[in-house]
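Since the structure comes first, as structure tokens, the remarks are kept for the end.
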There are 2 protein chains.
Amino acid sequence: MERLALEELQQQLPADVLVTNPATIESYRWDRANDPEAGTPLVVVRPTSTEQVQQIVTIAAKYRIALVPRGAGTSLSGGSTAVDNGIVLSLERMNSIEVHPQTRSVTAGPGALNAEVKVAAAEHGLWYPPDPSSFEICSIGGNVATNAGGLCCVKYGVTTDYVLGMTVVLADGKIITLGGPCIKDVAGLSLTKLFVGSEGTLGVITEVHLRLIPRQKQPTTMVATFPSLESATQAVQQITRTMRPSMLEFMDHATIQAVNAATGMGLDDQAAALLIAQSDESTASAVEEIQRMEAICTEQGATEAFCTDDPEEGEAFVTARRVAIPSIERMGAVLLEDVGVPLPKLSELVVGINQIATRHQVSIPTMAHAGDGNTHPLVVLDPTDPEQQARAHQAYGEIMDLAIGLGGTITGEHGVGRLKRPWLQDYLGEDIMELNQRIKDALDPLGIMNPGAIFDATDKEN
Amino acid sequence: MERLALEELQQQLPADVLVTNPATIESYRWDRANDPEAGTPLVVVRPTSTEQVQQIVTIAAKYRIALVPRGAGTSLSGGSTAVDNGIVLSLERMNSIEVHPQTRSVTAGPGALNAEVKVAAAEHGLWYPPDPSSFEICSIGGNVATNAGGLCCVKYGVTTDYVLGMTVVLADGKIITLGGPCIKDVAGLSLTKLFVGSEGTLGVITEVHLRLIPRQKQPTTMVATFPSLESATQAVQQITRTMRPSMLEFMDHATIQAVNAATGMGLDDQAAALLIAQSDESTASAVEEIQRMEAICTEQGATEAFCTDDPEEGEAFVTARRVAIPSIERMGAVLLEDVGVPLPKLSELVVGINQIATRHQVSIPTMAHAGDGNTHPLVVLDPTDPEQQARAHQAYGEIMDLAIGLGGTITGEHGVGRLKRPWLQDYLGEDIMELNQRIKDALDPLGIMNPGAIFDATDKEN
């Protein structure tokens, strides 16, 4: 079966599309989740057009071979982990970008990087807001497939809010184009929105059409440090009650230490927590808004609060936040969590995570897109110590259980992928899980699309 | 069959839930689309809880009786037109509203009016932006079911952008609660977004959880009149290229005349078109932004342009726009169109609509949420003249054909309902229509949910 499929791929596609060299294939087995259970694929394909994707999907359907669509391979939940004897469908070469200033939109191949889309938009005075921390290395197709978030989402929304349309190759090889440059369109079911966040389980996204907005105003920045987790989360709660900061980020003590160690930035390492807030209202309003945020932080017991409308100074603090994940990764391997809760539960969540860290004797620095209640605890792993790893995995699961118990979600912006699949039914419940499965079965009856992501891989061969 | 279903409804539900009085039932046959083919329902039910809705859906499924969910009955495309021997499920009594300031969100019953949600939010200094022209009389459940738009959507987005979660009774009677107060949540497929805009064809929405934002700043207003349709649409194009007005509305000559006739407002009735724009940036920025819009209008040949930061004066112009539909309805019955195009095609669309009006000798005043490219041509009908009505219906269809030909949509914000169903496949194409149907069949295998809306009613009885 696999041999026949491979032969047919070789016959139909240009030689440069197929990667069969084992050393190169090896590099496509994992994404940034580093799943130790990653399989060994039959072949990696790197198509350059929707039509080539159609040929590949058609062959995969004919021989019932699993297909794993892959953007830049930066998934943190194993959304693009390879499966044994499957096809890794890398979209990295489909990376064209065309900005349409007249409709304030952009058409991009799924392999274009988020940062490249931002740069292309900026050349026309326009802005594509969603900004995952990994925006310089993650693909726009992956962003759409996971409904990625980021730092500015607290004011500007997440990826789905910018997706006007897309081209998809369905699991039976049909090519469809959903939506387009119409800003409002309610004709038929919201299929565009259904494919956003579907993690490659319903079809392969081969082009996206995204909305742009005029460039952001220069933001004004506030940084405040707090003597306790609770005082920082209280300040978050007070700020979001009445204001829409364009950024509201949180770092705990361990994260501050990691950033200082990696960058020598000299953030206050006595603080239990630090908040970075920005306002991008017009200058006078932004200053006024930032001062209100500063007053709230001081009321909530901040040990220090500092405001600046100097863009470079502000950007330095944002950079500190952006380098937090790499800084912690220097401490060892990590399991990057992505739990979110309703804002009033943020304090219980971050305090609870600290307790889990203490109980299991595992380091878990935590940062958060605090204004969205979306946190990233990083469970640090010692790759040389199996016993520590067992404790770390225990802690990883308990953090999700904690979030579910607080009315929260197991994933705010990274996706379920393969790593979080075991917790999905606990979170959604049986009825909603079954509803997910009904839609999966309706669109991918053979179960070839990214098996193991979101849904259990099932053997549908008859 | 119907008799048994009715008996079971009578046994299981409190007496006040069932309406069997023919005179009262009569008033539930139509919505604002006034479909002459409206059926006569078996019964109207007015439940007061999700559990009662569950009982009703379960009985409907058992006896395969069609269910037509209904909010306030303001659909303009026949989304809640009754069907023969079906059940009209009116959600008007499920109208509770609870604002949660701590999560900046609101939980509402589907029967609550949009205006009531806005008022409840305002009591906490918060704002629910989506504002259909009918916001004072349309229900929030209907807004969610149609993904309704409005005037402020050009800056603040449409209903789906504010839906965080909902409770739904599925076609098999299961109750599910999707999403909730977590702002970011990507666990599983985007089912919440799929139900938004599904027009009652996938399940019955019995509660919605909506995101709120801090109250809007007082807007500054500009009104400009133009000697031609093209100059007005060119100004729209130039404004949206670089700015995000909080409102950008268009009225053509016939609409201006109708508004003047109904209100005596004295708008310039020599103008071919009029634009009303608002900016709700902070005061200094808003004035600057409005002045840039004024300069663009003057460049594009506006005969007059007027700016005001007086809120009452600004509101008077917005009211002129809001009363446009009722003003035209005074001229006779209307077929209210809802076509949208990519912004660069707006000029061709409004000019083409004028040509259709001339060709068929039918009055078609047109207004538009111009900044979204979403227009509302109102095809005026003479109820006493069948020959005129035939021409009017011809024009109605040709407007949709024109929009499709310009790469536009047959419905920007009103929904497909029953009136636009004949054009849906022309717009979506066979493959996407089939994909819609696959999801419909997966969620409503018996075809009992709002048959005839979006999808052809099919007889699934075996």
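No lab work stands behind these numbers, since they all come straight from the coordinates. Fair warning: this is a prediction, and the values are worked out from it, not measured in the lab. Every residue, glycine among them, receives a Cβ derived from its backbone with ideal geometry; neighbour counts consider all protein chains shown.
Of note:
- Annotation for residue A:383, label-to-label distances across the other copies: 7.8 nm (shortest first, one decimal, point 7 Å from Cα along Cα→Cβ).
- The calculated FRET efficiency for residue A:287 paired with residue A:137, based on their beta-carbon distance and R0 = 56 Å, is about 0.95.
- DSSP-defined antiparallel bridges as percent of all bridges, chain B, nearest 5: 85
- Per-residue ellipticity at 222 nm from helix content only, as computed over chain B with -39500 (n - 2.57) for each DSSP H run of at least four residues, stands at -11500 deg cm²/dmol.
- Helix B:430-443 and the longest principal axis of the C-alpha atoms of chain B enclose an angle of approximately 40°.
- By the beta-carbon count within 10 Å of each Cβ, the least crowded to most crowded order of A:90, B:198, fewest first, is A:90, B:198.
- Backbone phi angles across the range B:209-220, fed through the Karplus curve with coefficients 6.51, -1.76 and 1.60 (θ = phi - 60°), yield HN-Hα couplings of 10, 10, 7, 10, 10, x, 4, 6, 6, 4, x, 9 Hz in residue order; Gly and Pro are listed as x.
- Prolate is the label for the range B:400-462, because a/c, from the alpha-carbon gyration tensor with a ≥ b ≥ c as root eigenvalues, is 1.5 or above and a/b exceeds b/c.
- Ranked from shortest, the separations from the 7 Å Cα-to-Cβ label point of residue A:36 to its equivalents in the other copies are 7.4 nm.
- Simple label model, 7 Å out from Cα along Cβ direction - residue A:401 to residue B:401, nm: 6.5
- For the range B:52-185, share of DSSP beta bridges that run antiparallel, in % to the nearest 5: 70
- For the peptides A:97-104, B:290-297, B:417-424, the ranking by packing is B:417-424, B:290-297, A:97-104, with the highest mean count of neighbouring Cβ atoms within 10 Å listed first.
- Annotation: extensible slack from residue B:102 through residue B:265 equals 54.4 nm (criterion: 0.36 nm per residue apart, minus Cα-Cα distance).
- Share antiparallel - DSSP beta bridges, the protein assembly as shown, percent rounded to 5: 85
- About the centre of its Cα atoms, the range B:1-155 shows a dipole size close to 280 debye [charges on the beta carbon of Lys, Arg (+1) and Asp, Glu (-1) only; nearest 20 debye].
- Rounded to 10°, Cα long-axis angle of helix B:311-322 versus longest principal axis of chain B: 60
- Converting phi to 3J(HN,Hα) with the Karplus coefficients 6.51, -1.76 and 1.60 and the offset θ = phi - 60°, the range B:192-204 yields 4, 5, 5, 6, 5, x, 8, 6, x, 8, 10, x, 10 Hz in sequence order, with x at every glycine or proline.
- If only the Cβ of Lys and Arg carry +1 and only the Cβ of Asp and Glu carry -1, the dipole of the range B:254-378 around its Cα centre is close to 780 debye.
- Given charges at beta-carbon only (K, R positive; D, E negative), |dipole| of chain B in Debye: 960
- Shielding by other protein chains, A:142-149, mean Cβ within 10 Å: 1
- Using the Cβ-Cβ distance between residue A:15 and residue A:93 with R0 = 22 Å, the FRET efficiency computed as 1/(1 + (r/R0)^6) comes to roughly 0.95.
- Rounded tilt (10° steps) of B:2-12 against the dominant C-alpha axis of chain B: 90
- 10 Å Cβ neighbours from other chains, averaged over peptide B:173-183: 6
- Projecting label points 7 angstrom from Cα along Cα→Cβ for residue B:84 and residue B:123 puts them 4.7 nm apart.
- Inter-probe distance in nm under a simple model that places probes 7 Å from Cα toward Cβ, at residue B:2 and residue B:355: 4.8
- Relative protection proxy for B:329-338, A:428-437, from highest mean packing down: B:329-338, A:428-437 (other beta-carbon atoms within 10 angstrom).
- Flagged links, alpha-carbon separation over 32 Å, of A:174/B:62; A:155/B:118; A:440/B:118; A:420/B:155; A:345/B:118; B:62/B:184: A:174/B:62; A:440/B:118; A:420/B:155; B:62/B:184
- Across the range A:30-37, computed HN-Hα scalar couplings (Karplus, 6.51 cos²θ - 1.76 cosθ + 1.60, θ = phi - 60°) run 10, 10, 6, 7, 6, 4, x, 8 Hz from first to last residue, x flagging Gly and Pro.
- Here's how it looks for residue A:334: its modeled amide H is under 5 Å from those of A:381, which are all 5 or more places away or on a different chain.
- Shielding by partners, peptide B:403-415 (average Cβ within 10 angstrom, other chains): 3
- Counting from the shortest, the label point at residue A:306, 7 Å from Cα toward Cβ, is 5.3 nm from the same position in each remaining copy.
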